[in-house]
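First comes the structure, then the notes that go with it.
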Amino acid sequence: MSEKIGPVDFGDNGAVSPLTCIKTSSAYSENYAAMLDSEVSRIMNEALRRAQEVLTDHKSALDSMAAELKKVETIERKEFEDLLVLNCIRPKKLEPNAVGATIVG
């Protein structure tokens, strides 16, 4: 969620009618649309930066997992967590809740 925009839902407003191919009225202005586009771009770029950072920071763990998976094809959760620990990464623990399981850090 964007702190700048907050939680919003515009529903189906601004959709193109399949019968007439004409855009129905929009629930927001062009300026607001530009701000939405800018925020989506910022969020996506931040997510990409964070993913690249995690992959770079934990490359040795990924290499260890890849090597193990080449040997055995599949690993169980315990083996996965052991590989994380060997690479100085603390595994997240599962904590049960009413619906299923929630991962907690």
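Each reported figure results from applying straightforward, stated rules to the coordinates on display, with no laboratory input. This one's a predicted model, so the numbers in the text were calculated from it and none came from an experiment. Neighbour counts are summed over all protein chains in view; Cβ atoms, including those assigned to glycine, are modelled from backbone coordinates with ideal geometry.
Side notes on the structure shown:
- Annotation note: GluC sites (Glu not before Pro) in segment 52-81 located in DSSP loop regions with a Cβ neighbour count of at most 12 within 10 Å are E73, E76.
- Net charge, S2 excluded, C-beta distance under 12 Å - Lys, Arg +1, Asp, Glu -1: -2
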